[in-house]
1. Determine, yes or no, whether Trp122 is touching a His at 6+ places or on another chain (Cβ under 9 Å) and either touching a residue at least 24 places away in the same chain (Cβ under 8 Å) or hydroxyl-bearing (Ser, Thr, Tyr) (or both).
2. What is the number of the single condition among (1) more than 20 Å from Glu93 (Cβ to Cβ); (2) among the hydroxyl-bearing types (Ser, Thr, Tyr); (3) in contact with a helix residue (DSSP H, G or I) (Cβ under 9 Å, 6 or more places away or on another chain) that Ser42 does not meet?
3. May I ask you to say which residue of Ile50, Ile37, Ile69 is under 22 Å from Ser141 (Cα atoms), without any contact (Cβ under 8 Å) to a residue 40 or more places away in the chain and outside any loop (DSSP other than H, G, I, E, B)?
4. Looking at (1) under 17 Å from the mean Cα position of the chain (by Cα); (2) closer than 16 Å to Glu121 by Cβ, which is the one condition that is false for Ala142?
5. With respect to Val103, determine if the residue is more than 17 Å from the chain's Cα centre (by Cα) and not polar (S, T, N, Q).
6. Which of the residues spanning the range 74-99 are of a type outside the set (Lys, Arg), farther than 18 Å from His4 by Cα and touching a residue at least 12 places away in the same chain (Cβ under 8 Å)?
7. Keeping to the range 124-137, report how many residues are of a type outside the set (Gly, Ala, Ser) and more than 12 Å from Ile96 (Cα to Cα).
Amino acid sequence: MKIHLGIVLAAGASSRMGSPKALLRPPDGIPLALHQIRLLESGGCSKTAIVLGAEADRIAPELPGVRIILNPAWESGRPSSVLAALKGAADCEGMIILPVDTVGIRPETIKRVLEFSDTAEWPAVRPVCRGIRGKLVWISSALSDEIIQKNYSERLDDLLADRAFELEVDDPAILRNINTPKDWEEVSGQL
């Protein structure tokens, strides 16, 4: 298997949640960001990192041993976090980008995406469930280099529209996006 980097995006202000999503704690007490890092590792990512922005000084100490990529432009939105992640990636054939608030994905889903990306000739792989695009994506190092070179600042979905293979998976959690305390209450016990 090729070397893949798993990146968790957690730079936003989490204003609707009222506290950093990266530090949400399911019943086991482990911060959500660590759950996501462990998911990527158990799914086959050789290396992992997390992109922080808002409240990075508060979040980073709660993530011992985790590689931190800082996004000083986090207020400009998710595209800046993706760009920071790609610039912080090195020595890998590709990377999976996973928002911190897309919770409950099975490790088998990550494995399937990575295995497919190892043999596919596509610059990106986007898992879909019942034809609906998931929140995570795998990007090749070649596409990453192109995004960095162009300093791409639009939504990644727009760039990937005709460049990503849509891989059907049976994992509805790829569609999840928790934003409020009620959303978290509904899913936290499943972790």
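The values are calculated or read from the model by the stated rules, or taken from the named source; none is laboratory data. What you see is a predicted model, and the numbers here were worked out from it, not measured in a lab. So basically every Cβ, Gly included, is an ideal-geometry build from the backbone, and we count neighbours across all protein chains shown.
1. In short, no.
2. The failed condition is (1).
3. It is Ile37.
4. Exception for Ala142: condition (1).
5. no
6. Of everything in the range 74-99, those that are of a type outside the set (Lys, Arg), farther than 18 Å from His4 by Cα and touching a residue at least 12 places away in the same chain (Cβ under 8 Å) turn out to be Trp74, Glu75, Ser76, Pro79, Ser80, Ser81.
7. Residues in the range 124-137 being of a type outside the set (Gly, Ala, Ser) and more than 12 Å from Ile96 (Cα to Cα): 5 in total.
Results for (1) farther than 25 Å from Val187 by Cβ; (2) modelled with pLDDT under 95, shown as yes or no for each residue.
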{"site": "Leu39", "(1), (2)": "no, no"}
{"site": "Asp57", "(1), (2)": "yes, no"}
{"site": "Pro79", "(1), (2)": "yes, yes"}
{"site": "Ala84", "(1), (2)": "yes, yes"}
{"site": "Leu98", "(1), (2)": "no, no"}
